[in-house]
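The block underneath contains the structure these notes are about, expressed in structure tokens.
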Amino acid sequence: MPKVLDRKNPRTFKTLPLFVEANPDSLCYQSLGMPLNFAQMLERRRPVQVCDTRHFAIELANLGVSVRLTLAWQGKEYWVLVRQQRQDRGDIVLKLISGYVPAQELNLPLLTAIQEVAEECLLETPEGWLAGRFGDTWLPTPYDGSLRYRETVHFSLASRTGAARPVLCGNMPLMERPRAYVHLPTASLQLVYDMRMELPRDCSQLSLFHVDERLEDGELAARLDRSRPDLYLIPLEQGRPVAELLMLRKGQLSPVSTRGLWLAESFAEQHGWVVEDERIRWKDWLARPAVAVISPRRMAS
């Protein structure tokens with residue numbers, strides 16, 4: 001039976017629409033107009049078009065963040081993906097950890113990204129759940145009223161080398177240099193932070209769980225379903241993804257079928273500053289020349 005970890009009133013969420021200007025060398029965004037609640041933001045997330053994917057100015061519904069999280073565990077590395085049923089788009093995909101940026105964090109979206117890691121990616125050990133630190137800053141423990149977090153050990157989260165082209169909020173560059181793209185089907189600007197998670201040494205019996213919020217009876221309910229952990233790993237070999245999907249339960253990795261699997265748009269091809277696709281099939285992502293996926297047999301050899 002899924003356990004409710006937290007409930008929120010969606011009416012407290014406020015964000016701001018954006019005005020975005022892009023050229024071949026950089027992208028700049030700034031707030032535009034009055035704050036929007038969640039329903040108003042979703043209403044604005046309708047398809048838009050640009051004439052030139054490298055040079056344009058456009059109004060968008062919102063700013064979103066994602067984290068391409070690399071998990072370091074027992075001497076190997078894995079990308080972390082989560083399963084999401086996207087009610088606004090009527091599909092089920094595997095995606096990066098992600099969320100909407102609230103109005104008060106528009107000029108510091110890294111804070112939202114860190115919060116999303118704490119909320120969506122839960123790490124359980126036999127002694128309790130792991131809290132985390134980003135540099136000298138403790139990550140929030142959003143479910144400490146429902147879960148027992150360990151006090152003596154924690155995971156460490158750090159930014160990795162970012163994208164080559166700068167992204168600016170107003171005239172201030174985002175120092176972590178996230179990758180940026182405008183997603184045309186949802187009229188949103190998405191920032192993708194590249195981060196690495198290091199675990200403490202005594203994590204041999206680690207289990208990974210995803211917690212996602214759903215709208216229920218006018219509230220956003222965060223549920224933990226142990227029967228469906230919904231958090232997946234793509235192994236890496238010398239930084240390149242391996243063509244397999246895994247789950248981690250009680251320290252044991254097990255393969256997951258990829259038949260009929262779709263990935264979110266952050267895995268689709270980007271042209272200039274623009275992503276046009278809603279999603280991409282797993283097999284089509286593997287076939288992209290830029291991905292350079294390694295076959296499992298080659299990894300084993």
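The values are calculated or read from the model by the stated rules, or taken from the named source; none is laboratory data. Since the structure is predicted, the reported quantities are computational estimates derived from the model, not experimental observations. Cβ atoms come from the backbone with ideal geometry, glycine included; neighbour counts cover every protein chain shown.
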Query raised in the report: Looking at segment 142-198, which of the residues that are surrounded by fewer than 20 Cβ atoms within 10 Å (Cβ to Cβ), aliphatic (A, V, I, L, M) and more than 23 Å from GLU269 (Cα to Cα) is nearest to the chain's Cα centre (by Cα)?
Result: ALA158
Report summary line: Within segment 220-257, residues assigned to a loop (DSSP other than H, G, I, E, B) and over 19 Å from the mean Cα position of the chain (by Cα) come out as ASP225, ARG226, SER227, GLN238, ALA243, GLU244, LYS250, GLY251, VAL256, SER257
Query raised in the report: Out of all the residues in segment 89-107, which are without any contact (Cβ under 8 Å) to a residue 60 or more places away in the chain and assigned to a loop (DSSP other than H, G, I, E, B)?
Result: GLY90
Query raised in the report: Taking segment 18-55, which residues are in contact with a Pro (Cβ under 6 Å, 6 or more places away or on another chain), at pLDDT 95 or above and either under 30 Å from ARG214 (Cβ atoms) or assigned to a strand (DSSP E or B) (or both)?
Result: PRO47
Query raised in the report: Looking at segment 159-197, which of its residues are farther than 26 Å from VAL93 by Cα and not in a loop (DSSP other than H, G, I, E, B)?
Result: VAL167, LEU168, CYS169, MET172, PRO173
Query raised in the report: How many residues are in contact with a Phe, Trp or Tyr (Cβ under 7 Å, 6 or more places away or on another chain) and either more than 24 Å from ASP277 (Cα to Cα) or surrounded by fewer than 11 Cβ atoms within 10 Å (Cβ to Cβ) (or both) if we restrict to segment 30-51?
Result: 3
Report summary line: Here the residues within segment 263-272 that are out of contact with any helix residue (DSSP H, G or I) (no Cβ under 7 Å at 6 or more places or on another chain), not in a loop (DSSP other than H, G, I, E, B) and not hydroxyl-bearing (Ser, Thr, Tyr) are ALA264, GLU265, HIS271
Report summary line: Filtering segment 112-131 down to residues that are over 11 Å from the mean Cα position of the chain (by Cα), in contact (Cβ under 8 Å) with a residue 60 or more places away in the chain and assigned to a strand (DSSP E or B) yields LEU122, LEU123, GLU124, THR125, LEU130
Report summary line: Counting only residues that are outside any strand (DSSP E or B) and under 24 Å from VAL275 (Cβ atoms), segment 57-80 contains a total of 1
